[in-house]
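Okay, structure first, notes after.
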Amino acid sequence: RIVARKAPGMSDPDMTADPERDAVLLASLAHVPRLGWTMEAVRAALLAQDGIADDAAMLFPGGAGELVEAFVTLADRWMTADAAAADMAGLGKTRRVRAVIGLRLARLRPHKEAVRRAIGVLALPRHAALALRLTGGTIDAIWRAAGETLEDRSRHTKRPILGAVYGSTLLVWLRDGTADDAVTLAFLDRRLADVGRIGKLRGRIEARFATMLCPKTSLA
């Protein structure tokens, strides 16, 4: 059986969900750029660490979709752990969200091609529902890691807005050749600033409508 061990350049991830699957997934990342998110990549990882190649189908019976799901959810857990360890005291909501996304991208930087391949898998029509579910889970994880509640009435507005910001940022990141994601983070700052301006404008419009509809209340 494969033994869980730290991937190069990474701190020990939270392996509580399934240590064996996580370990195989980490080992598979070295083979994904060449073989994609396939059972061949998993078998290569198992064989490289004296495992049994036939275990690949037992660990990930759902094939590419299940492999990508395991990768995305592991990335969510990495991000959550890194955010918990980071000092975000004194940061406003937008800066916390920016910091959490930055931590996520820094974690995934050694595996940019694996992320690119994962996006390709999720873009397939047969994985549309999986893509939607994983995206929703990641956005919720970002909010929680940033210390935001998901119980308020604005959740259904916040999720798609942050989803659009994160999705466009991820596409820029895939093309970003800087060592510290500088181009991507600058783009993210602009997008978050745009969202803030839209939010302020919406607030003014809503206040104006409230004044028009309830003039007595506005003068009280």
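The values are calculated or read from the model by the stated rules, or taken from the named source; none is laboratory data. Computed from a prediction, not measured in an experiment: that's the story for all the values here. Cβ coordinates were reconstructed from backbone atoms using ideal geometry, including for glycine residues, and neighbour counts include every protein chain displayed. Side chains are part of the model used for accessible areas, which takes the heavy atoms of the whole protein and leaves out ligands, DNA and RNA. Shrake-Rupley method; radii C 1.70, N 1.55, O 1.52, S 1.80 Å.
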Exercise. Can you tell me the accessible area per residue over the range 33-129, all protein chains present, probe 1.4 angstrom, in square angstrom?
Worked result: 47
Exercise. Thinking of the range 110-191 as a set of Cα atoms, what percent of all their pairs are more than 20 Å apart?
Worked result: 42
For this session: Compute the FRET efficiency between Glu66 and Arg109 as 1/(1 + (r/R0)^6), taking r as their Cβ-Cβ distance and R0 = 30 Å, and round to the nearest 0.05.
Result: 0.80
Exercise. How many nm separate the modelled label positions at Asp18 and Arg34, each set 7 Å beyond the Cα in the direction of the Cβ?
Worked result: 2.6
For this session: Can you tell me how much longer the chain between Ala123 and Leu47 gets when fully stretched, taken as 0.36 nm per residue apart minus their C-alpha distance, in nm with one decimal?
Result: 24.4 nm
For this session: Give, as a single signed number, the net charge of other residues whose beta carbon lies under 11 Å from the beta carbon of Ala64, with Lys and Arg counted +1 and Asp and Glu -1.
Result: -1
Exercise. Residue separation times 0.36 nm, minus the C-alpha to C-alpha distance between Ala57 and Leu174: what's the value?
Worked result: 39.2 nm
Problem set entry | Glu69 accessible area, 1.4 Å probe, all protein chains in place, Å² to nearest 10 | 50
Problem set entry | Scattering curve values for the range 11-107, log₁₀ I(q)/I(0), Debye with Cα scatterers, q = 0.17, 0.19, 0.24 Å⁻¹ | -0.76, -0.87, -1.19
